[in-house]
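The values are calculated or read from the model by the stated rules, or taken from the named source; none is laboratory data. From a predicted model like this one, the values you see are computed outputs, not experimental measurements. Heads up, the Cβs are rebuilt from the backbone with ideal geometry, glycines too, and the neighbour counts pull from every protein chain shown.
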Amino acid sequence: MSRVPFIAIARGFLLCGDTALLCRAKGYDFWFLPGGGIEDNEDAQAALRRELREENGIELEDVSYITTVQNRFLDKGVFVNEIGLVFQARIPGGTVIQSLEDHMESGLFSREDVRSMTILPATLKQALIDVMDGKSIPAFIGLED
């Protein structure tokens, strides 16, 4: 039996006032939480901070772990298992929101915007809305049924 690839990532519920930062690859119709892969011997929180500096030029404040999410998706014909360590953080007011990578888009979105958007993994959409509303979320968010 062949082994399914497994990756570890750091993602963030990144809030700026009453809006949240989301990203997407240009040409795609779904959005995702900012962040990315955790490198060898790298702390997950450090990975999130590094990814935001590299991809958006953003320095995060008040970063704290909030949940773990399990996701499985098809990538180029191969199923990938993903474990995401999700942090909540604040983007300082007045920060210019931009993507420093040509193939990506980033933006700040209100609760109302988020409710109507396609966000992947889908299990994180309600969790993001709950965080934006000041509600607690589960310590673990598993695969969709």
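Among the conditions (1) of a type in the set (V, I, T); (2) part of a strand (DSSP E or B); (3) modelled with pLDDT of 95 or more, V80 misses just one, which is (3).
Quick one: in the range 19-37, which of the residues that are of a type in the set (G, A, S) and free of Cβ contacts under 8 Å to residues at least 40 places away in the same chain is surrounded by the fewest Cβ atoms within 10 Å (Cβ to Cβ)? If you could, list the steps in order and put the result at the bottom.
Residues of the range 19-37 of a type in the set (G, A, S): 20, 25, 27, 35-37.
Subset that is free of Cβ contacts under 8 Å to residues at least 40 places away in the same chain: 27, 36-37.
Working: G27: 7, G36: 17, G37: 12.
For the range 19-37, the residue satisfying everything is G27.
Note on the range 111-145: among residues that are in contact (Cβ under 8 Å) with a residue 12 or more places away in the chain and of a type in the set (S, T, Y), the one that is farthest from L85 (Cα to Cα) is T118.
Applying the condition of being within 13 Å of F30 (Cβ to Cβ) and among the small types (G, A, S) to the range 105-145 and asking which residue is surrounded by the fewest Cβ atoms within 10 Å (Cβ to Cβ) yields S116.
Does L15 count as buried (at least 17 other Cβ atoms within 10 Å of the Cβ), part of a helix (DSSP H, G or I) and touching a residue at least 24 places away in the same chain (Cβ under 8 Å)? Spell out the reasoning first.
Values: buried (at least 17 other Cβ atoms within 10 Å of the Cβ): yes; part of a helix (DSSP H, G or I): no; touching a residue at least 24 places away in the same chain (Cβ under 8 Å): yes.
No, not satisfied.
Every listed requirement among (1) within 12 Å of the chain's Cα centre (by Cα); (2) part of a strand (DSSP E or B); (3) free of Cβ contacts under 8 Å to residues at least 60 places away in the same chain is met by V63 save one, (1).
Name the single residue, out of those in the range 46-87 being of a type in the set (D, E, K, R) and over 19 Å from M104 (Cα atoms), that is surrounded by the most Cβ atoms within 10 Å (Cβ to Cβ). If we take residues in the range 46-87 being of a type in the set (D, E, K, R) and over 19 Å from M104 (Cα atoms), then E82 is surrounded by the most Cβ atoms within 10 Å (Cβ to Cβ). Against the criterion of being touching a residue at least 40 places away in the same chain (Cβ under 8 Å), more than 24 Å from M132 (Cβ to Cβ), among the basic types (K, R) and not in a loop (DSSP other than H, G, I, E, B), R72 qualifies. Remark: pairs (first residue in the range 85-108, modelled with pLDDT of 95 or more and basic (K, R); second residue in a strand (DSSP E or B) and crowded, with 16+ Cβ neighbours inside 10 Å; Cβ separation under 7 Å; 6+ apart in sequence or on different chains) = R90/L15.
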